[in-house]
Structure formats: C-alpha cells, structure tokens
Amino acid sequence: MNRERGDSLARQLRLIQIFDERREVAVPEIARELGWTPRTVYRDLSVLERVGVPIYPERRGSRSRWRVVEGFRRRLSITLSWPEMVALTAGRGLLAGASGSFFHESAIAALDKIRSALPEELVRRADAMGKSLSASTGIAWDGARARRLTVTLIEAIERCETVRMQYRSRADAKPHERTVDPYHLHLDSGGTYLVGFSHDRKERRTFLVDRISEVAGTGNRFERTEVFRPGDFFQGYFGPWAGKAVEIRLTFAREVAAFVADRRLHPTQVNQFRSDGALDVTLRVPLSPSLVRWLVGWADQVAVISPKSLAQQVARSHARAAKKEM
C-alpha cells in the first residue's frame, strides 16, 4: 500500500513538472509519452485538482485538455474594507447549517486562504469582533455522508453528463434507480437539493441529496434544451419545489400582523392591513409540504382563505397533531 501511494505521488509530481513546462496537456498524448494508461493520467489529474493544484479540464469539441489557471503564480493582492472583513467573519456562522457538507468544508478552506493573505492586524480585529457576531441558516443537517455524492454531482453538472442514482423519495421505504440530467444544486436550510430533468418522469424534478445513496456518471452527455432560472424555481422562504404556482390568500391575526408584514417571504407577496389590525396576505407559490408546515406553525394565528385544498391540508395536520397529544 505504501509503495502504491509512493508511485501515485511520484506520478503526480511528474505531472506538475509537465504543467510548469507546457501549461496544458491532453490525456491521450501524455499517457503515450509517459507509458501510463489514460485512466491513470485522468485519475491523477483529478486528484491534483481536488487538492488545490490550479488546473482544470477544458473541452474543445470531442477532445478534452487540462490547463493551468491563468496567472496562478502571482499571489493575489487582497484589500478588504473593515465592513467586508466583518462580513467575512460572520460568513463562518452562516455556513454552520451545512456543517460537514462539501460546501461547508470547501468554503471554510477558502475563507482561511483569504484570511492568510490579509494584514495580521485586520485579522485580529475581525476575530475580536467575531465574538460579538452570530448567524444561523436554520436546521443544521449532517452533510458528511453526502459530501462525496455532492462532488460527483458538481462534476456531472459541469460536464453536462447524465447520472444514474439510487434515490429514496418521501413515499418510498427503499431507494429506486433514477436517471437524471443534472442542472443545478441549491442549498436550503442546510439541505442540498439537486434540480434536473428526470428521464423516468419526463419532467424537471427536485431531489434531496441526503436521500441519494449512490450516484455515478453514465458517460452520456446531454444538451440543455431549456433555460433554467433559479429565481423562478426556488420559493424563497418556502424552499425549492416544482409545480404550478397558485394564488394563496391568508389572514394573520392582529397579534402577529406586524411581524409577518416586516418579512418578505416571497417576491409575489402582497400585504394589506385591515381596519382591525389583522393582515391579509396574497402570494403565488406551488403547494408544497414546506408551505403546509409553515402555516401549521402559526396555529390559530393564521386562517387560510384559499385555496380550499390548502386549508384542508392544514386542518388535517392540526387534527393529527391534536390526536397524538391525546
């Protein structure tokens, strides 16, 4: 095992030397030159990219070449204002909801690199200020298990490569195979969601990465036939959910009216105070479990005026909760 690791390190160091000389390489050509298999070259290049060596794959037609990031030898001169440095410090807290995930680990490493390039006095001031700052993104998910899957999905999105995955939906006890063209990853309240075209359902769907047990590329490339606009798809406070938007009409009690009016839950939200202090809220969003959970959390301080189906879902949730308490 130690000899195998040594051989791998030696190959990777040789590749770094080649990049110093040529700035770019093609896998088949370098494999023939060094007497290695293309698979070995590709694996070592991927390892170098993951550990931070500034190289990246670039596709030209049917051929793929690896290039050095332009200007990587020059250390960046970073100048941040005091407010920007405070915001950077607070960013660590905002990432807490994704603790253990690919995003958390990578973003913290990037923040540390930025800090290392800043004047020591500025870093000390920010650290001292950090004791008076806190931030939260909601529920903290344990994303360590999904880290490897997330990396695979990011690489597939970049290559426009169809993936095959084992996925367990909310209604299923066991995972089932899904074939998906991955479009987009979205982090919401600590959970990571994949948006893509489902070959099985013949439509765009949302998948919670935490429910994916295995994922692998198929080697098949796809072409994006539609423009995906994240702002049109994600519901802000109500999370990512596919479906037709419907008009929701709500009335909040006077005791919470001002609190609700101060928060922009969705871009389509319209508020109107009543003469008695209550608040009428209208918005257009798809009916989703997160919307129902949010309404149930207001208990008797909100009334669902329409649609009737949403009012019935909320009523059933309250009834089930009351039954369990008994």
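Each residue of region 272-278 in order: what ³J(HN,Hα) in whole Hz does its phi give by Karplus 6.51 cos²θ - 1.76 cosθ + 1.60, θ = phi - 60°, with x for Gly and Pro?
So the Karplus estimates, Gly and Pro as x, are 8, 6, 8, 5, 8, x, 6 Hz.
Given LYS174/LYS323; LYS202/LYS323; LYS174/LYS244, which pairs have Cα atoms separated by over 31 Å?
Result: LYS202/LYS323 exceed 31 Å.
So if we plug the beta-carbon distance of GLU58 and GLN17 into 1/(1 + (r/R0)^6) with R0 = 22 Å, what FRET efficiency do we get, rounded to 0.05? Can you show the working numbers first?
Values: r = 20 Å, r/R0 = 0.93.
Efficiency for this residue pair is about 0.60.
Given H placed 1.01 Å from N in the peptide plane, which residues other than close sequence neighbours of VAL285 have an amide H under 5 Å from its amide H?
Distant-sequence amide H within range of VAL285: VAL246, ILE248.
Tabulate in residue order the Karplus-calculated ³J(HN,Hα) for region 304-315, using 6.51 cos²θ - 1.76 cosθ + 1.60 with θ = phi - 60°, rounded to whole Hz; enter x for Gly and Pro.
Here the 3J(HN,Hα) series is 8, 7, 7, x, 5, 4, 5, 4, 5, 4, 5, 4 Hz.
Rule-based calculations on the coordinates, nothing more; no lab input. Just so it is clear, the structure is predicted and the values come from calculations on it, not from any experiment. Cβ: placed from backbone, ideal geometry, glycine included. Neighbour counts: every protein chain shown.
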